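The values are calculated or read from the model by the stated rules, or taken from the named source; none is laboratory data. Because the structure is predicted, anything quoted here is derived from the model rather than measured. With ideal geometry, Cβ positions are generated from the backbone for all residues, glycine too; neighbour counts draw on all protein chains shown.
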Amino acid sequence: MPAILSQHPFLRATVTNFFFFLSLNVFVLLPLYIQRLGGTEVDIGVVMGWYSAVGIVCQPLVGPWVDALGRRPFLLLGVGLLLVSTLLVTMTSSIAGLVLVRVLQGIAFSVFFVANFSHVIDLVPPAKRGWALGIYGVSGLMSTAIAPLIGEGVIRRFGFRPLFFTSAVVAAVAAALAWGTRELRREPGQPVRGAEWVRASIDEVMHRHMAVTIFFGLGTGVIFAFLPTFAESLGVHTLALFYTGYAGAAMAVRIFGGRLIDTQGRHAVIVPSMFVQAAATALLASVGLHALGPGAAPLPVLPLLVVAGVMAGGSHGSSIPGWPRSSPTRRQRPGAAPWSACSALCSWSATRAARSSSAS
């Protein structure tokens with residue numbers, strides 16, 4: 001067994017990450033619930049877009065507080081807010097109520113992601129960081145594969161409300177694991193100085209790797225917001241296979257090729273990955289355009305969706321561990337939060353653009 005996998009704190013962080021995102025990723029099917037309630041594509045864009053919009057605001061602000069107060073309080077805050085949101089969604093059927101649910105989930109994701117990512121960085125030596133972060137990321141990808149499969153099964157047999165209660169139970173498991181987290185001793189964090197943090201974050205965003213994040217997020221933002229209703233419009237009712245292909249490819253790339261970033265460098269991995277991501281998005285667009293054509297011959301839509309998922313997932317798995325330029329440190333803390341917030345920004349922008357297009 002690799003040494004990093006024998007470390008109990010790393011395993012706890014990875015398992016906590018799995019259960020947190022297993023609960024959260026159930027909500028990739030939320031567009032179907034909105035549609036069931038009579039919502040339009042505009043409503044779907046509004047609800048799903050708020051999740052990313054909140055992340056844009058929260059993530060750059062969370063980092064210095066995670067340094068100043070520690071990782072564990074924010075882990076607990078994140079899983080607590082997620083648990084509240086999963087219970088709240090069972091009590092509302094209005095668009096405004098669902099917006100509130102996604103706002104809470106956006107905050108939950110922001111504080112949990114920055115805190116747990118920073119905790120894992122604390123645990124892993126720099127020489128093994130690329131591979132270890134890839135393995136850590138596999139836990140989230142496993143949840144991406146499993147959650148839609150469970151979700152579709154529960155929806156077909158019992159409906160959406162039992163699905164949301166199931167998500168709440170899983171969030172409670174994540175909360176129990178987060179409660180047992182113990183941090184390593186480290187240097188005290190710098191005092192929180194807003195102006196200094198904003199300047200450092202802006203400096204980080206100006207680098208080229210953030211532009212890569214923007215273009216990646218523009219593609220994935222639209223895919224994940226509108227794929228459920230897009231697939232249903234094409235007569236596909238087993239969308240979980242797309243997410244399974246996506247997550248399976250990403251996990252395979254990280255497990256068997258996770259050391260490539262450490263040995264070959266970021267450029268050699270990220271650039272080809274971006275071309276694969278573009279091809280996956282183009283494949284989905286081509287399927288949709290073909291379906292709109294008059295008298296178009298039928299296509300094997302489900303296999304093509306799975307192929308697109310495998311391509312997009314492979315791109316995700318190989319490129320994302322290389323995006324943060326370096327580990328967050330006492331002097332250079334912006335790394336994780338602006339990178340993730342930048343991804344949230346482009347996801348929200350893409351969702352907003354697609355929403356405007358559907359409205360017109």
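Here residue 21 meets the list (1) under 24 Å from residue 154 (Cα atoms); (2) free of Cβ contacts under 8 Å to residues at least 12 places away in the same chain almost entirely, failing just condition (2).
Among the candidates 132, 168, 145, 174, single out the residue that is over 30 Å from residue 32 (Cβ atoms) and of a type outside the set (Ser, Thr, Tyr).
The unique qualifying residue is 132.
Of the residues 96, 108, 115, 145, the single one that is part of a helix (DSSP H, G or I), small (Gly, Ala, Ser), within 17 Å of residue 30 (Cβ to Cβ) and under 16 Å from the mean Cα position of the chain (by Cα) is 108. When residue 42 is tested against (1) surrounded by fewer than 20 Cβ atoms within 10 Å (Cβ to Cβ); (2) out of contact with any helix residue (DSSP H, G or I) (no Cβ under 6 Å at 6 or more places or on another chain), exactly one condition is not met: (2). For residue 147, state whether it is more than 20 Å from residue 228 (Cβ to Cβ), in contact (Cβ under 8 Å) with a residue 24 or more places away in the chain and among the small types (Gly, Ala, Ser). The answer is no for residue 147. Flag set for residue 183, criterion: under 28 Å from residue 14 (Cα atoms), part of a loop (DSSP other than H, G, I, E, B) and modelled with pLDDT of 60 or more. Kindly indicate the residue of the range 287-325 that is over 20 Å from the mean Cα position of the chain (by Cα), at pLDDT below 75 and part of a loop (DSSP other than H, G, I, E, B) and also surrounded by the most Cβ atoms within 10 Å (Cβ to Cβ) among those meeting that condition. Among those residues, the one meeting the criterion is 296. With respect to (1) without any contact (Cβ under 8 Å) to a residue 60 or more places away in the chain; (2) touching a Gly at 6+ places or on another chain (Cβ under 8 Å), the lone exception for residue 158 is condition (2).
Within the range 1-54, restricting attention to residues that are polar (S, T, N, Q) and in contact with a Phe, Trp or Tyr (Cβ under 7 Å, 6 or more places away or on another chain), the residue that is modelled with the lowest pLDDT is 52.
Within the range 59-73, being at pLDDT 80 or above and either under 16 Å from the mean Cα position of the chain (by Cα) or of a type in the set (A, V, I, L, M) (or both) holds for 62, 66, 69.
Taking the numbered list (1) touching a residue at least 60 places away in the same chain (Cβ under 8 Å); (2) surrounded by 20 or more Cβ atoms within 10 Å (Cβ to Cβ); (3) over 17 Å from the mean Cα position of the chain (by Cα) in turn, residue 139 passes all entries but (3).
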